[in-house]
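Read the structure below first, then the notes.
Derivation of every value follows stated rules applied to the coordinates shown; laboratory data play no part. Bear in mind that the values here come from a model prediction, so they are computed numbers and not experimental data. Methodologically, a virtual Cβ is constructed for each residue, glycine included, from the backbone with ideal geometry; neighbour enumeration extends over all protein chains shown.
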Amino acid sequence: MADIAAHLGVSRALVSIVLRDMPGASDETRQRVKQAAKELGYSPHIGARTLRQYRSREIGVAFAPAHAGEPDIVEAIYPATIERGYRVVLSAQTGHRSMETAVEELFGYRCAAIILIGPELDDAELQAIARRARVPAVVVNSGEPNRAYDVVRSAGDTGIGLAVQHLVELGHHQIAYVHTASMPPAALRLQGYRRAVADAGLKLDIISVPGADYTEESGAEAGRDLLDRRELPTAVVAGNDQQAIGLLQVFSRAGIAIPGDVSLTGYDDTRVARLSSVDLTTARQDPQQMGQAAVSAAVRRIDQPNRRPMLSIVEPSLVVRSSTARPRRWVTQARHNPTQG
């Protein structure tokens, strides 16, 4: 700021007023100062500015970039946060870095609130984090209604139910479901499958992938299990898009046509689902609504600390693409199984 003041021949106090967007300078002076700051390469020291603030203006966000739907929610969080006068601090969970470590880093920034996207933690662990944070905590796509943290999630049972209903309307009577019990949204999505299949008067066909998560590899494992059967189902509903992609790859290598032999659906409507080479029918949980709901929940409790945490549900919709079609009459599994070499 001293360099800018010397460059323009004005006081450092005036430069400070302009750069902090405080009243006391004319429009012409503001323009001159900001132009000089740009020319001299000035950028504010956010850490130092934060230390001078009485009230934090940061909202911390912990997420897992490997989960395909989470970056889209983060992208929606940014404008919603800025609109309310806050900044975003990101901390990532990776293969070598746990969600607990990512959250611990956010504690060090003294954030006004924290948002956890898709944490693979149980309710007791989430409540412990919320109590330790001592600021409003919002959990996205996990958790149950409670007194410690807000929950924002999509109606997973509804989304999976829409996929099953769509397949039934196409004429499918053998609809399998890929279930991964370790994932927080899994129980609700399985509930939606069970209910929709029962409503249609069909038999349950659940492929459980133990000890796995919503990844392409867990979908591939489910695909290999299905290839070991004498007869394939006419349709498969995957727990999310990543699982569906893994299953699609295994089927394609085995010569199983999608949707000619087996129709396939996912959940999330991630970017890969929209690729022309994939074109996956999927239940869309709107990431913009999810991000906005998470920020709204955080700011609501920042402004009203004694307010009880809430559950916010975002309703999904079904996006129909070319991975689903009317069923073939029958397919006996006599094709080459790639797992056998």
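What dipole magnitude, in Debye to the nearest 20, does the stretch 192-290 give about its Cα centre under +1 on Lys/Arg Cβ and -1 on Asp/Glu Cβ?
200 debye
Calculated from the structure at hand, volume of the Cα convex hull per residue in Å³ is found among (i) 169; (ii) 155; (iii) 145 as (i).
Helix 216-227 and the longest principal axis of the Cα set of the chain meet at an angle near 0°.
Annotation: the antiparallel percentage among DSSP beta bridges lying fully within the chain is about 15. What you get for the chain, charging only the Cβ of Lys and Arg (+1) and of Asp and Glu (-1), is a dipole of about 820 debye around the Cα centre.
To the nearest ten degrees, helix 99-108 and the longest principal axis of the Cα atoms of the chain are 10 degrees apart.
Of the listed peptides 25-32, 292-299, what is their order by residue-averaged count of other C-beta atoms within 10 Å, with the highest listed first? Walk me through the numbers on the way to the answer.
Working: 25-32: 12.8, 292-299: 24.6.
Descending packing order for the listed peptides: 292-299, 25-32.
Residue order for 114, 313, fewest other beta carbons within 10 angstrom first, comes to 313, 114.
Between helix 123-133 and the chain there is an angle of about 10 degrees, using the helix long axis and the longest principal axis of the Cα atoms. Each other residue within a Cβ distance under 14 Å of residue 249 adds +1 if Lys or Arg and -1 if Asp or Glu, for a net charge of -2. The calculated FRET efficiency for the pair residue 101 and residue 75, based on their C-beta separation and a Förster distance of 22 Å, comes to about 0.45.
Using the charge dipole of the chain (Lys, Arg: +1 at Cβ; Asp, Glu: -1 at Cβ; taken about the Cα centre), state which of 145, 19, 318 has its Cα farthest towards the positive end. Of the candidates, 19 comes out farthest on the positive side. Relative contact order of the chain: 17 percent, from C-alpha pairs under 8 Å at least 6 residues apart in sequence. By the count of neighbouring beta-carbon atoms within 10 Å, fewest first, 59, 175 end up ordered 175, 59. Please sort by residue number the trypsin sites (Lys or Arg not before Pro) in the stretch 85-159 whose DSSP state is loop and whose Cβ has at most 15 other Cβ atoms within 10 Å. Within the stretch 85-159, the qualifying trypsin sites (Lys or Arg not before Pro) (loop, at most 15 other Cβ atoms within 10 Å) are 110, 134, 147.
Among the trypsin sites (Lys or Arg not before Pro) within the stretch 237-291, which fall in a DSSP loop and have no more than 13 other Cβ atoms within 10 Å of their own Cβ?
Values: sites: 253, 271, 274, 284; in loops: 271.
Taking the stretch 237-291 and a limit of 13 other Cβ atoms within 10 Å, the loop trypsin sites (Lys or Arg not before Pro) found are 271.
Full extension of the chain between residue 317 and residue 217 gives 33.4 nm of extra length, using 0.36 nm per residue less the Cα-Cα distance.
When you filter the trypsin sites (Lys or Arg not before Pro) in the stretch 190-235 for DSSP loop state and at most 15 other Cβ atoms inside 10 Å of their Cβ, you are left with 203, 229, 230. With both labels modelled 7 Å from their Cα along Cα-to-Cβ, the residue 27 to residue 229 distance reads 7.0 nm.
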